[in-house]
Amino acid sequence: MEPERTAGGYRQFSNDDILRLEEILKLQKDYFLPLQIIKEKMRGWDAKKSATKFRLEVEAENKAEKGKKEKTYSAEAALKEAKVTSEQLKGLETYGLVDQKKAEDGKIYSQSDVSIMKVFYQLTKYGIEPRHLRIYENLSSKEVMLFEQIISPQMRGRGKESKKKITGKVKGLTELAERLQQLLRSKALENSKIS
């Protein structure tokens, strides 16, 4: 930005400059974009539209995602899709790894639950049982509790715009936590007897 200057050297920002600054700050704060990337996204920016094409696309994608109804599976369909036995499914439920929900026509499972069942099926080839996976459920629950402690004070009395920002923060926390887990796992493998 190159705002005009007064004879005394003070910067004078036009309405377009102010709108540009607001958009830059939104991209930086809500989408965690570095200034170099923002500079690229702002090329061809029009103050009349007041939002970059990038932000409009991201917001449209988020709206579309929220509008999608998650696919659900009957118990029979879930077993067939994931290739697990009913005994294995019972074990996954017992150890809190999947949650059945009651529906008019019986038990149903979410797409997330079926994805967990599929991963479990692959793990059974290594002799892993549902009880062995309890550690991951515990870790995930504790991680979410930590995130809630960090984020919940910011959620009190906030509007929709703030909730979007908070969703972005949770996503950032999740990505960092996943990266940390990968690094710690690599470190543990380096120090283990199996490496």
### Message
For the structure I just gave you, tell me whether Asp105 is touching a strand residue (DSSP E or B) at 6+ places or on another chain (Cβ under 9 Å), modelled with pLDDT under 85 and either charged (D, E, K, R) or more than 25 Å from Lys71 (Cβ to Cβ) (or both).
### Response
yes
### Query
When the residues of region 12-29 are filtered to those that are outside any loop (DSSP other than H, G, I, E, B) and in contact with a helix residue (DSSP H, G or I) (Cβ under 9 Å, 6 or more places away or on another chain), which remaining residue is farthest from Ala47 (Cα to Cα)?
Lys29
### Query
Quick one: which helices (runs of 4 or more DSSP H) sit completely within region 71-159 and have at least 2 residues that are among the aromatic types (Phe, Trp, Tyr) and touching a residue at least 12 places away in the same chain (Cβ under 8 Å)?
111-124, 134-155
### Query
Any idea which of Lys160, Lys169 is surrounded by fewer than 10 Cβ atoms within 10 Å (Cβ to Cβ) and either more than 20 Å from the chain's Cα centre (by Cα) or modelled with pLDDT under 85 (or both)?
Lys160
### Summary
Asp17: passes all of (1) surrounded by 15 or more Cβ atoms within 10 Å (Cβ to Cβ); (2) modelled with pLDDT under 80 but (2)
### Task
Go over the candidates Ala60, Ala47, Ala75 one by one and state the one that is of a type in the set (A, V, I, L, M), modelled with pLDDT under 85, more than 24 Å from the chain's Cα centre (by Cα) and surrounded by 10 or more Cβ atoms within 10 Å (Cβ to Cβ).
Ala47
### Message
Suppose we filter Val144, Val84 for residues that are at pLDDT 90 or above and aliphatic (A, V, I, L, M); which single one remains?
### Response
Val84
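The values are calculated or read from the model by the stated rules, or taken from the named source; none is laboratory data. What you are looking at is a predicted structure, and each value in this text was computed from that prediction instead of being measured. Cβ atoms come from the backbone with ideal geometry, glycine included; neighbour counts cover every protein chain shown.
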